[in-house]
1. Tabulate in residue order the Karplus-calculated ³J(HN,Hα) for segment A:68-76, using 6.51 cos²θ - 1.76 cosθ + 1.60 with θ = phi - 60°, rounded to whole Hz; enter x for Gly and Pro.
2. In whole Å, what three semi-axes, largest first, describe the equivalent ellipsoid of segment A:58-111 built from its Cα gyration tensor (square root of 5 times each eigenvalue)?
3. Shielding of B:102-113 by partners, i.e. mean partner chain Cβ atoms within 10 Å per residue?
4. Calculate one ³J(HN,Hα) per residue across segment A:81-95 by plugging θ = phi - 60° into the Karplus curve 6.51 cos²θ - 1.76 cosθ + 1.60, and present them in order as whole Hz with x for glycine and proline.
5. Are there chymotrypsin sites (Phe, Trp or Tyr not before Pro) in segment B:17-123 that DSSP puts in a loop and that have at most 11 other Cβ atoms within 10 Å, and which ones?
6. Amide H of B:Leu50: which non-local residues (sequence gap of 5 or more, or other chain) have their own amide H closer than 5 Å, using H built in the peptide plane?
7. What list do you get for B:Val119, B:Val69, A:Val101, A:Val55 if you sort them by fewest beta carbons within 10 Å?
8. What is the distance in Å between the Cα centres of segment A:62-110 and segment B:51-97?
Amino acid sequence: QSALTQPASMSGSPGQSITISCSGSTSDIGRYHFVSWYQQLPGRAPKVLIYDVSVRPSGTSARFSGSKSGNTASLTISGVRPEDEADYYCCSYTDSSPLYVFGTGTRVTVL
Amino acid sequence: QITLKESGPILVKPTRTLTLTCSFSGFSLTTRGVAVGWIRQPPGKALEWLGLIYWDDDKRYSPSLKNRVTITHDTFKNQVVLTMTNVDHVDTATYYCAHRRGFDYVSGYFDYWGPGDLVTVSS
């Protein structure tokens, strides 16, 4: 079970929308609704932004939204802000081992 | 309030055994659905799931570690311990423990993380 595939980097100007894809398989994203997204600021621990594909925990801005289609999950940042500059990781439960698989990570830059 | 904090050595020599302790508060690891996971991140690289211990003491490990990892729970101390044998330079990483919120085995996400512990494997 290899890592989920994400674009290495994405960028946008303040106010624009950025959509990060997370490509998996029928063993993980395609099979389960247990996809989560994490934001990692430089030098900090990851913080959950989205769980169960599209649910925002309390404290997550409504500018962040998640979705899934087939074997691919997506995280959209609407109206990107300078403070959104960070690394973003998807994660999915899998039906094999390892039990959880993370994505390769996407660095978001706000121009 | 849920908190977790990792502790352990900063430097470990190759072939030695690494022991990391995750001290937690604000939840009980005997509550159904709760689990504590270990995740690591080599410098400049992606997150990697290492293993998980469930509320009923069941454990799951990543096969990439080839049976080098063991996770245990000390109920009285509210601690989870990760033991990794025969470490190598590729095990140099920041190690995180995290609270997994879920309702059973098949579910969950990591909602609270420790600050991480950077471990360097070097002679």
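1. For segment A:68-76, the Karplus-derived couplings read 8, 9, x, 9, 10, 9, 9, 10, 10 Hz, x marking Gly and Pro.
2. 24, 13, 10
3. That works out to 5 on average.
4. 10, x, 6, 7, 5, 5, 9, 10, 10, 9, 8, 9, 6, 10, 8
5. Passing both the DSSP loop test and the Cβ count: B:Phe76, B:Phe103.
6. For B:Leu50, the qualifying residues are B:Trp38, B:Ile39, B:Arg40.
7. A:Val55, B:Val69, B:Val119, A:Val101
8. After rounding, the separation between the Cα centres reads 25 Å.
We did not get these values from a lab; they are worked out from the coordinates using the rules stated. These numbers come from a predicted model, not from an experiment. Using ideal geometry, Cβ is built from the backbone for each residue, glycine included, and neighbour counts are taken over all protein chains shown.
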